[in-house]
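Right, one structure below, let's go through it.
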Amino acid sequence: MRSLLIFFILVPLLEMFLLIQVGSLIGALPTIGLVILTATVGIHLIRQQGFSILSRYQQKLAGGQMPGNELIEGLMLAFGGALLLTPGFFTDAIGFAMVIPVTRQKIASYMKSRIKIATPVFTNPSANQTDSPHRSDQGNIIDGEFKELDR
């Protein structure tokens, strides 16, 4: 929680510093124009990539596959879009990294390697308790529960 507070203090300070530095180099109006341009380009990219991710998501669902990458990339696209609409160059750089497909996919694969997913373990309470608690000889699942592994 403390690091989040520091983040919300440091990022706006960094943004103000960068805006002042760029403004002193190219002027106030070109700096404002650059901020508006990055937001406009970002909106176009978000729309284009959003439709692409939605199409892949629907194709995987129709094929009976879990669209895990598409879910992660969709969340990243939404977060990147919010960053691109925030005025500033630092947030724009992070936002573009999450919107451009090549960098977004690299970040998503890194995130997937760091995330631990709990797998469900199904049990059958009516099965003989001397057998494996996770398997039923009848093949019917009556009850289900999960437990986290490798935590």
Where the second residue is among the aromatic types (Phe, Trp, Tyr) and surrounded by 12 or more Cβ atoms within 10 Å (Cβ to Cβ) and the first is in contact (Cβ under 8 Å) with a residue 60 or more places away in the chain and in a helix (DSSP H, G or I) and lies in region 22-48, which pairs have Cβ atoms under 8 Å and are six or more apart or on separate chains? Val22/Phe89
I'd like to know if region 64-80 contains one or more residues that are within 19 Å of Leu14 (Cβ to Cβ) and out of contact with any Lys or Arg (no Cβ under 7 Å at 6 or more places or on another chain). yes
Take Phe51 and tell me if it is aromatic (Phe, Trp, Tyr), assigned to a helix (DSSP H, G or I), surrounded by fewer than 12 Cβ atoms within 10 Å (Cβ to Cβ) and at pLDDT 90 or above. yes
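A quick yes/no check of all residues on (1) surrounded by 14 or more Cβ atoms within 10 Å (Cβ to Cβ); (2) small (Gly, Ala, Ser):
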| residue | (1), (2) |
| --- | --- |
| Leu18 | yes, no |
| Gly23 | yes, yes |
| Gly27 | no, yes |
| Thr31 | yes, no |
| Val35 | yes, no |
| Thr40 | no, no |
| Ile43 | yes, no |
| Gln58 | no, no |
Would you check which residues across region 77-116 are under 19 Å from Val41 (Cβ atoms), part of a helix (DSSP H, G or I) and of a type outside the set (A, V, I, L, M) and list them? Phe79, Gly80, Gly81, Phe89, Phe90, Thr91, Asp92, Gly95, Phe96, Pro101, Thr103, Arg104
Mind checking which pairs have a first residue in region 69-86 that is more than 10 Å from Arg104 (Cβ to Cβ) and a second that is among the aromatic types (Phe, Trp, Tyr), Cβ under 6 Å, 6 or more apart or different chains? Glu70/Tyr57
Where a residue in region 7-21 is acidic (Asp, Glu) and its partner, wherever it lies, is not in a helix (DSSP H, G or I), with Cβ under 9 Å and at least six apart: Glu15/Thr86; Glu15/Pro87; Glu15/Gly88
Check region 65-76 and report whether any residue there is at positive phi, of a type outside the set (Ser, Thr, Tyr), surrounded by fewer than 12 Cβ atoms within 10 Å (Cβ to Cβ) and not in a helix (DSSP H, G or I). no
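The values are calculated or read from the model by the stated rules, or taken from the named source; none is laboratory data. Keep in mind that what you see is a predicted model, and the values were worked out from it rather than measured. Neighbour counts are summed over all protein chains in view; Cβ atoms, including those assigned to glycine, are modelled from backbone coordinates with ideal geometry.
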